[in-house]
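Heads up: the structure comes next, in structure tokens.
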Amino acid sequence: MLHAELLAQIPLFDTLAAEDLDALASRMTERKYKAGEKVFDKDDKGSSMYVVLSGAVQIFLPGAGPEEPRVVLKDARTGEYFGELSLFDDKPRSASVEATVDTTLLELTRDHFSDHLSRSKNAAMTILAEMAERLRETNALLSQRAARDVVKEFEENLSWSQRLADKVAELNGSWSFILFLLILTFVWAGANKWLPTPFDEYPFQFYNLALAILVALQGPLIVMSQNRQSMKDRATAETDFRVNLKNEVGIETLIRELGALRAETNKRLEVLERMIRSERIRAEIPVKKPGGPLGPS
């Protein structure tokens with residue numbers, strides 16, 4: 001696969017023009033890593049992003065101690081990418097990356113990326129538009145309520161036939177249905193044995209036919225209900241993901257604001273300490289009286 005085609009699969013670059021993709025692809029450098037070799041460590045200074053050309057890498061958080069296991073975040077394979085935020089800032093890496101097999105990566109440095117953006121106005125505007133779209137999605141995620149009663153909303157939109165299928169599936173999985181069939185069987189057999197004119201003599205062919213029709217109808221109805229339950233589970237899982245994502249974004253925002261507040265507080269405390277220190281020094285310096293010797297300190 002061409003380097004430009006790999007870039008086109010990345011959401012950050014998929015809206016770029018073909019000439020911009022080719023120009024960026026020509027600036028990428030192939031890096032080869034042996035199995036078990038580190039690409040970079042957590043807290044290393046980041047200055048480039050990588051695209052997996054062949055092989056696979058593991059993105060993980062190292063353990064706090066030598067005996068503590070690593071926390072695996074993702075296994076990136078051919079066509080996947082990581083480290084793209086390093087193109088925009090010089091903050092430390094948030095995780096470690098290690099090649100799990102012999103791997104070839106395409107590296108795009110921040111210098112090459114910024115140099116191309118300075119030469120191509122269209123590419124710069126496209127990247128800014130993509131970042132603005134991500135920011136809007138984040139703002140929309142934070143502004144709307146992520147937690148919803150998905151099951152209630154799902155059940156409110158069911159048709160009468162779907163509700164009937166759910167009721168049948170619910171009834172079939174209960175002791176009430178089992179006891180009903182047992183009682184009906186004994187009553188049917190007793191009626192045809194003791195009545196003067198039996199309507200379904202042994203071996204109860206009409207009753208067996210009714211049971212066969214009942215079983216034939218139960219199967220599709222139960223499968224329909226199970227399929228809807230799977231859809232409910234998927235919708236619930238998606239809602240849980242949105243809630244967790246919103247909580248994570250909110251926590252990160254809170255941490256940033258706390259960090260800014262701590263930095264501002266430390267600056268103010270340093271200013272106060274300098275003021276107090278200067279006042280103390282001025283109070284300790286002896287004052288010279290006019291026309292006379294120095295006063296007591």
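Screening D200 with (1) modelled with pLDDT of 80 or more; (2) surrounded by 10 or more Cβ atoms within 10 Å (Cβ to Cβ); (3) more than 30 Å from S230 (Cα to Cα) gives one miss only, at (1). Of the strands (runs of 3 or more DSSP E) lying entirely inside the range 20-132, those containing at least 1 residues that are within 16 Å of L6 (Cα to Cα) and over 20 Å from the mean Cα position of the chain (by Cα) span 29-33, 48-54, 56-61, 103-109.
Using the structure shown, decide if L158 is modelled with pLDDT under 75, more than 30 Å from D20 (Cβ to Cβ) and not basic (K, R). So L158 passes the test.
Quick one: I251 ticks every box in (1) more than 30 Å from D166 (Cα to Cα); (2) at pLDDT below 80; (3) assigned to a helix (DSSP H, G or I) except a single one, so which number is it? It fails just one condition, (2).
The condition (being modelled with pLDDT of 85 or more, closer than 30 Å to T126 by Cβ and polar (S, T, N, Q)) is satisfied by just one residue among S96, S54: S54.
Scanning the range 82-110 for residues that are among the aromatic types (F, W, Y) and either touching a helix residue (DSSP H, G or I) at 6+ places or on another chain (Cβ under 8 Å) or more than 20 Å from Y33 (Cα to Cα) (or both) returns a single hit, F88. Exactly one residue among L214, L182, L158 is within 49 Å of the chain's Cα centre (by Cα), part of a helix (DSSP H, G or I) and of a type outside the set (K, R), and that residue is L214. Surrounded by fewer than 10 Cβ atoms within 10 Å (Cβ to Cβ) and assigned by TED's automatic domain parsing to the domain that holds E155: is that true of P220 in this structure? Criteria not met by P220.
If you check N192, N208, which single one turns out to be in a helix (DSSP H, G or I), outside the structural domain of R134 (by TED's automatic domain parsing) and closer than 25 Å to A165 by Cα? Answer to the check: N208.
The values are calculated or read from the model by the stated rules, or taken from the named source; none is laboratory data. Treat the numbers as computed from the prediction; the structure is a model and nothing was measured. So basically every Cβ, Gly included, is an ideal-geometry build from the backbone, and we count neighbours across all protein chains shown.
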